1. Taking only Cα atoms and a 10 Å spring cutoff, compute GNM fluctuations for the chain and point out the largest among D97, D138, D27.
2. Taking the chain as a Gaussian network, Cα atoms linked when under 10 Å apart, which of T61, T132, T92 shows the biggest mean-square fluctuation?
3. Suppose only helical runs count, i.e. DSSP H with n ≥ 4. What mean residue ellipticity at 222 nm does that imply for the chain under -39500 (n - 2.57) per run, divided by all residues and rounded to the nearest 500 deg cm²/dmol?
4. Give the shape of segment 73-150 as rounded, prolate or oblate, defined through the alpha-carbon gyration tensor: a ≥ b ≥ c are the square roots of its eigenvalues, a/c under 1.5 means rounded, and otherwise the shape is prolate if a/b is larger than b/c and oblate if not.
5. Pick out, in residue order, every one of the GluC sites (Glu not before Pro) in segment 55-150 that is DSSP loop and has at most 16 other C-beta atoms within 10 Å; say none if there are none.
6. List the relative contact order of segment 13-113 as a percent without decimals, with contacts defined as Cα pairs under 8 Å and 6+ residues apart.
7. Which residue fluctuates the most in the chain, going by a Gaussian network model with Cα springs under 10 Å, if the choices are H65, H13, H76?
8. Just how far, in whole angstrom, is segment 3-66 from segment 101-150 if you go by their alpha carbon centroids?
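Please treat every number below as a calculation from the coordinates, not as lab data. Values in this document were obtained by computation on a predicted structure and should not be read as measured data. Here the Cβ positions follow ideal geometry from the backbone for every residue, glycine too, while neighbour counts run over all protein chains shown.
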Amino acid sequence: MPVIFSDQQGKSHDEIELGQDFLPKFDDKGLIACIVTDADSGDVVMFAYMNAESLGLTLQTREAHYWSRSRKELWHKGATSGNIQDVIELRTDCDQDAIWIKVRTRGATANCHQGYKSCFYRAATLEGDKATLSFREDKPLFDPKEVYKK
């Protein structure tokens, strides 16, 4: 049974920001931003979007589901790779237009489709007038070409 979310229409500022009703504010495309952190280390592992269906499934199953903007489809994180994200806690920000989930990842514990623990595996620096990227993780935990054969 799908989860139905009430909208913020007609709700006061205090009801939205201080109340106990979960009233996620989806954007004009029906999406809400979601930051994902490792429940144990606190490290940011990825950023994604959710729609009402993926947010509802995440709450129901306690496994992370997202909306893939590039593929325009529901995405159960880890369904292909085996690196399922078990949701330990789901929070929303004060005005309920962003989601933060704390996860423990099964499998190789890679959260990125490139095989890295985090999608944020590179850091940007400026050298003169040129920005460059340097790796902050030694190597991928799996070979994406092997995992995502199509």
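1. Answer for the Gaussian network model of the chain: D138.
2. Result for the chain, Cα springs under 10 Å: T132 fluctuates most.
3. Details: 3 runs with 20 residues, N = 150.
The helix-only estimate for the chain comes to -3000 deg cm²/dmol at 222 nm.
4. Details: a/c = 2.22, a/b = 1.15, b/c = 1.92.
Note, shape of segment 73-150 comes out oblate.
5. Values: sites: E63, E73, E89, E127, E137, E146; in loops: E137.
Answer by residue number: E137.
6. Worked out over segment 13-113, it gives 29 percent.
7. Most flexible of the set in this elastic network: H13.
8. 24
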